[in-house]
1. Condition check: out of contact with any strand residue (DSSP E or B) (no Cβ under 6 Å at 6 or more places or on another chain), at pLDDT below 85, β-branched (Val, Ile, Thr) and outside any helix (DSSP H, G or I). Does Val21 satisfy that?
2. Quick check on my filter: what residues within region 157-182 are aliphatic (A, V, I, L, M) and more than 26 Å from Val111 (Cα to Cα)?
3. What is the residue count in region 171-214 for residues that are among the polar types (S, T, N, Q), open to solvent by 60 Å² or more (accessible area, probe 1.4 Å) and more than 25 Å from the chain's Cα centre (by Cα)?
4. Anything in region 133-152 that is at pLDDT 90 or above and crowded, with 19+ Cβ neighbours inside 10 Å? List them, or say none.
Amino acid sequence: MDKIVNLPENMSIPETEIQFVAEKKPKSLLFSVLIALFFIGVAYGAVLVGGASPETSDSLQRITEQFLLQKAGDTFLSALLSSLLSGGVFALLLFLCGFSAVGQPFSFFLVAFRGIGLGTAMGHFYLNLGMKGILMSLALIVPAGIVSSYAILLAGRESIKLSNRFFRVMTSDDFSMPAGILKTYTVKFFILMLLILLSAVVNGLCTRIFAPMF
């Protein structure tokens, strides 16, 4: 006969651990939604380029040629600063959105817009240069894009989480902000800016190594 064993009261699961398990799934769900939104943006950007009018296609071809000329003449420092500025603007906007109780839609939009930008860039390289465009994307866009996009996704998640807390403070009399949350938020974004800097370094290296090949 199976024995029924009752756990002593002092062996019960702490309330904090129960809260952690309960909150883990929503956080994971939010990040999954942001990833899906980002890739929808990438796909939309690529489709947008594919359906462009002949006039727009000609403009994109000229932009591609100018991009190649610029990349070929870029120094490591100029490529690094250009990438750092681009990723840094997204991170800063997401950081500011977190301080608004209604900043969530803007954070979602910024993540999607980042995806659209990458999709558009890779799409018009392929449309105008074919296989060479794919190789260009893999060499000049994808390496730094992976790092910076991951940082943007994390920034979007943190921004939305803080926005949600401000919204709850405004709409609930019983909810208060945890102590030190703004300091933690700022430290997280500082770390994310280091990731943006890393992506800028990768962009600078890829530019100097691969751009002359095209």
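1. Considered against the rule, which asks whether it is out of contact with any strand residue (DSSP E or B) (no Cβ under 6 Å at 6 or more places or on another chain), at pLDDT below 85, β-branched (Val, Ile, Thr) and outside any helix (DSSP H, G or I), Val21 comes out as no.
2. Scanning region 157-182 gives a single hit, Ala179.
3. 2
4. Result: Ala144, Gly145, Val147, Ser148, Ser149, Ala151, Ile152.
To keep it simple, each residue is scored yes or no on (1) in contact (Cβ under 8 Å) with a residue 24 or more places away in the chain; (2) part of a helix (DSSP H, G or I); (3) out of contact with any strand residue (DSSP E or B) (no Cβ under 8 Å at 6 or more places or on another chain); (4) on the phi < 0 side of the Ramachandran plot.
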site	(1), (2), (3), (4)
Ile141	no, yes, yes, yes
Val147	yes, yes, yes, yes
Leu153	yes, yes, yes, yes
Arg157	yes, yes, yes, yes
Ser163	yes, yes, yes, yes
Val169	yes, yes, yes, yes
Pro178	no, no, yes, yes
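The values are calculated or read from the model by the stated rules, or taken from the named source; none is laboratory data. Quick caveat, the model's predicted, so the values are computed rather than measured. Backbone-built Cβ (ideal geometry, glycine too); neighbour counts: all protein chains shown. For the accessible areas, the whole protein counts, side chains as well, though only heavy atoms, and no ligand, DNA or RNA atoms are used. Shrake-Rupley method; radii C 1.70, N 1.55, O 1.52, S 1.80 Å.
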